[in-house]
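The values are calculated or read from the model by the stated rules, or taken from the named source; none is laboratory data. Treat the numbers as computed from the prediction; the structure is a model and nothing was measured. Here the Cβ is made from the backbone with ideal geometry for all residues, glycine too, and neighbour counts use every protein chain on show.
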Amino acid sequence: MSSRIRILALVSLVLLSPGRPAVGADSAGGDVAVTVRGSTLVLRGGSTGECVSCTGGLDGAIVVAGQNGTTVNGDAAAVEFDGVRSIRVDLRGGDDVLALDALTLDRTITIATGGGDDDVAATDCSAARLRVATGSGTDSVQLTRCVVDGRALVNGGGREGRFEERDRLRVVGGDLPRLRVARAHRVAREESVTNGRLTIGLEFVGELELQRGERRAWDLAESAPYVVAAERWLAVLRGAGELPAHTVTVTVFVRSSGGRFLGAATPLFEDAVRVGDDLFPTRGSVQVSSFMYSEGARREFGALYDAEFAGNIEHEIGHVLGIGSLFTLTEFDGLLVPGGRRAEVRAWVAPSRDHDGWIYQQPAGVAAYNAIFGTAFDFVPIQNGGGHFWIPTRRADTRRDPVGVLIPAPTRELMAPGGGLALSILTLGVLDDMGWDVDASQADPYRAEDPFAVPGVARSRPRCACAR
């Protein structure tokens, strides 16, 4: 029996999840575009609902076949590919069915089905890494006798892209020692604020998990500071570039950080909207440490407690919008991820020995920095790692440019890591570089009387563990 005939007979068996009709049967049709980029086999569907299989053939070949009316590259015939080391599937919504069988790959299998009711079945497959994201809808994933040595991650279509109760995952045999399933969190309260073009949605998860086991419900009073913080951002941001409307949904947690930080945040990289070279997040998460709700925090910050509490929330939302979190990006098996020193898609910050640390060199941010400090630099000093503006942590900490000039530190800036509260033209300059439509007239004034001063708020822990 030829490999092509064997595949078409096999697929009719594996596309059916136990106790559930074949999703693709009612949504038959569509076309899957298949190409090879380097050693990666790339499958891209439409939004009509596709039914497709990838099966290992002779001598390591992979055969891609459509079922139930789905075509491959516009043709009903199956197509064979050689030299494949990884697979990336993006079916782009609709009710999809995907079957993988007898694949042996030394890199990654990445699957994204988009919205709709999806079935994904992998049988007798091996790879170094596996990622499955099924999108919204009622989804089923079955992994039978699969071997994945590295990380295996299954995301569903719930809040924050997580599996909900209606989604089903079945693992039969195999070896997946690092399998992780992202389950949905219960959203207890939702709020939304908008300026017409830009909307920030807030999803408050579970309960506030405070110190000594105390729990508190998300009510109007508890959610109010987060609404105020979102409104502050909407005052300085008109919109996402020239998009007529854009929404950023922020999932909010309050839980212990183990004393390590006051807050943490990140956008969901793969969900960002691309407009030319610009990237606008659509979802992200913010964690605020339970310490911020404690008497210890009130003692530590004293008269500055209320301002610090509000500033901490504003700071974390800034990371969701991309400050520090979208400065360096690379693409890993088709997924957009933080790039660090290996950034290929975007490399806006980097370490510089001539500048005693990391620097940022995009034009609007640099112009704003120079306007504040009266300098003529071609860079903004960045904290090592790239996630924040640079500040000294003790008086002895200084930085100099290549000719020995002292570099001022924006210690009062909101997006610095230590207690600054000014949402100034510096932060707005960076957001302008990122493509956001900013209103600099709404920025906080920045007084740079002593740009080399250590921030005045003493902390027992860093403000932020965000983005990096």
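Residues checked against (1) in contact with a helix residue (DSSP H, G or I) (Cβ under 6 Å, 6 or more places away or on another chain); (2) at pLDDT 80 or above; (3) outside the structural domain of A99 (by TED's automatic domain parsing):
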{"position": "A9", "(1), (2), (3)": "no, no, no"}
{"position": "S17", "(1), (2), (3)": "no, no, no"}
{"position": "G30", "(1), (2), (3)": "no, yes, no"}
{"position": "A33", "(1), (2), (3)": "no, yes, no"}
{"position": "C51", "(1), (2), (3)": "yes, yes, no"}
{"position": "G57", "(1), (2), (3)": "yes, yes, no"}
{"position": "A61", "(1), (2), (3)": "no, yes, no"}
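Among the residues of the range 297-315, how many are in contact (Cβ under 8 Å) with a residue 40 or more places away in the chain and over 25 Å from the mean Cα position of the chain (by Cα)?
So the answer is 5.
Consider L179 carefully, then state whether it is in contact with a Lys or Arg (Cβ under 8 Å, 6 or more places away or on another chain), assigned to a strand (DSSP E or B) and modelled with pLDDT of 85 or more.
Answer is no for this residue.
Could you please find all residues in the range 101-121 being within 22 Å of the chain's Cα centre (by Cα), outside any strand (DSSP E or B) and buried (at least 21 other Cβ atoms within 10 Å of the Cβ)?
Result: T113, G114, G116.
Looking for something surrounded by fewer than 18 Cβ atoms within 10 Å (Cβ to Cβ), out of contact with any strand residue (DSSP E or B) (no Cβ under 8 Å at 6 or more places or on another chain) and not small (G, A, S) - is there at least one such residue anywhere in the range 222-232?
Scanning the range 222-232, I find at least one residue that is surrounded by fewer than 18 Cβ atoms within 10 Å (Cβ to Cβ), out of contact with any strand residue (DSSP E or B) (no Cβ under 8 Å at 6 or more places or on another chain) and not small (G, A, S), so the answer is yes.
Give the residue, chosen from L91, L58, L98, L41, that is farther than 15 Å from T113 by Cα and within 26 Å of the chain's Cα centre (by Cα).
On the way: L91 fails: farther than 15 Å from T113 by Cα; L58 fails: within 26 Å of the chain's Cα centre (by Cα); L98 fails: farther than 15 Å from T113 by Cα.
That would be L41, the only listed residue that is farther than 15 Å from T113 by Cα and within 26 Å of the chain's Cα centre (by Cα).
Yes or no: the range 230-241 includes at least one residue that is modelled with pLDDT of 95 or more, in contact with a His (Cβ under 6 Å, 6 or more places away or on another chain) and not in a strand (DSSP E or B).
Yes: the range 230-241 contains one or more residues that are modelled with pLDDT of 95 or more, in contact with a His (Cβ under 6 Å, 6 or more places away or on another chain) and not in a strand (DSSP E or B).
Filter the range 122-139 for residues that are surrounded by fewer than 23 Cβ atoms within 10 Å (Cβ to Cβ) and more than 19 Å from the chain's Cα centre (by Cα) and give the result.
T123, D124, S126, A128, G137, T138
Name the residue, out of V349, V286, that is of a type in the set (A, V, I, L, M), buried (at least 20 other Cβ atoms within 10 Å of the Cβ), modelled with pLDDT of 90 or more and out of contact with any Cys (no Cβ under 9 Å at 6 or more places or on another chain). Let's see the steps before the verdict.
Numbers: V286 fails: out of contact with any Cys (no Cβ under 9 Å at 6 or more places or on another chain).
Answer to the check: V349.
For residues that are part of a helix (DSSP H, G or I) and modelled with pLDDT under 95, scanning just the range 203-221, find the one that is surrounded by the most Cβ atoms within 10 Å (Cβ to Cβ). Explain how you work it out, then say what you get.
If we filter the range 203-221 for residues that are part of a helix (DSSP H, G or I), which is where we start, we get 211-213, 220-221.
Then keep just the ones that are modelled with pLDDT under 95; that gives 211-213.
Details: Q211: 14, R212: 6, G213: 6.
Restricting to residues being part of a helix (DSSP H, G or I) and modelled with pLDDT under 95, the top hit is Q211.
Quick check: is even one residue across the range 416-429 at pLDDT below 95 and in contact with a His (Cβ under 7 Å, 6 or more places away or on another chain)?
Yes, the conditions are met somewhere in the range 416-429.
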